[in-house]
Every structure is written in C-alpha cells, then in structure tokens.
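Values in this text are rule-based calculations from the coordinates and carry no lab data. No experiment lies behind these values; they were computed from the predicted model shown. All Cβ positions, glycine included, derive from the backbone under ideal geometry; neighbour counts span all protein chains shown.
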C-alpha cells in the first residue's frame, strides 16, 4: 500500500426507511481536517486522471455505481515511490480512500451507469491558485494503462 493511503471499509445500515452510510468522521484515524465537500460524476468508461495536490488530502468515496480508483506514488522521498494501488469501490464495495498530498490519482467509471463520487478534500478550492497538478490519462510518467488488463478476458 502506498505510504499515507488508507482504505476504510464503510458499513451500510439498512432499515425499512432506506439506508445510512457514514463516510468520514472527525474521529477517524486518517482524518486531518475539513475543507469542503463536492460530488463529481463519470459516464461509463470515462477516465478522470491524473492529478495530485501539494497541500490537500483527498477523501474519495463512490456512492453510486462503481469506479476503479488508481493511485501512483511519485514522491521522491517516499518509501513507496513508484508503487501503484488499484481500488474497486462503489455499490459493491463501499469504501473511503484517503489520498495524501503528492500522490497522483484518478478513476474510471466501470459500472454500466454513471458513477457518483463524493470527495472531501482537506482544503477549500482556491479558484485563483488551484492546488491541482495534472497529467493526461496516458502520461508516460505514470506506468499505468487504463484499459482492461490484457490477461483478463472480456465476457
């Protein structure tokens, strides 16, 4: 596991009214601080990658559909430099993934319908000076291919 990345398995509590799922609590071991909460969606097969932050930690949770979230450690002084982690999260595996500063990350919608992702970054988005550093999904700097692993069979 990439240094500073954490996975929190989430518990869904259903009853006759619906369901409840706590995502992030201030007493969670990985909690740093609160900046804002936002949601983003992906259409099936769409990749939103790559980016990292210098200051903020991201807490990512897919609340509808399924995504493949990938993290890549490019931090020079990290014990896990060069490591890649894949997480399959959403309806069938509710989790909160903590992504620390300096770790590239992104995701791909792998469900048949649109995915809905909630992100709880530790910092407020600064429109004039965004703490966001991007590369395209096929960036040569990151040894990752977003297509289905060639060793796996479709169908």
Checking the conditions here, which among 142, 89, 110 is out of contact with any helix residue (DSSP H, G or I) (no Cβ under 8 Å at 6 or more places or on another chain), more than 15 Å from residue 57 (Cβ to Cβ), without any contact (Cβ under 8 Å) to a residue 40 or more places away in the chain and surrounded by 13 or more Cβ atoms within 10 Å (Cβ to Cβ)?
89
Does residue 45 satisfy the condition of being touching a residue at least 40 places away in the same chain (Cβ under 8 Å), surrounded by fewer than 17 Cβ atoms within 10 Å (Cβ to Cβ) and out of contact with any strand residue (DSSP E or B) (no Cβ under 6 Å at 6 or more places or on another chain)?
yes
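Working only within region 11-42, note down all residues that are under 17 Å from residue 90 (Cα atoms) and surrounded by 12 or more Cβ atoms within 10 Å (Cβ to Cβ).
Of everything in region 11-42, those that are under 17 Å from residue 90 (Cα atoms) and surrounded by 12 or more Cβ atoms within 10 Å (Cβ to Cβ) turn out to be 21, 22, 23, 24, 40, 41, 42.
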Of all residues in region 53-70, which are more than 9 Å from the chain's Cα centre (by Cα) and under 17 Å from residue 120 (Cβ atoms)?
53, 55, 56, 57, 63, 64
Tell me which residues, restricted to region 60-83, are in a loop (DSSP other than H, G, I, E, B) and over 14 Å from residue 46 (Cβ atoms).
74, 75, 76, 77, 78, 79, 80, 81, 82, 83
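Of all residues in region 37-59, which are within 20 Å of residue 107 (Cα to Cα) and part of a loop (DSSP other than H, G, I, E, B)?
Across region 37-59, the qualifying residues are 37, 43, 44, 45, 46, 53, 54, 56, 57.
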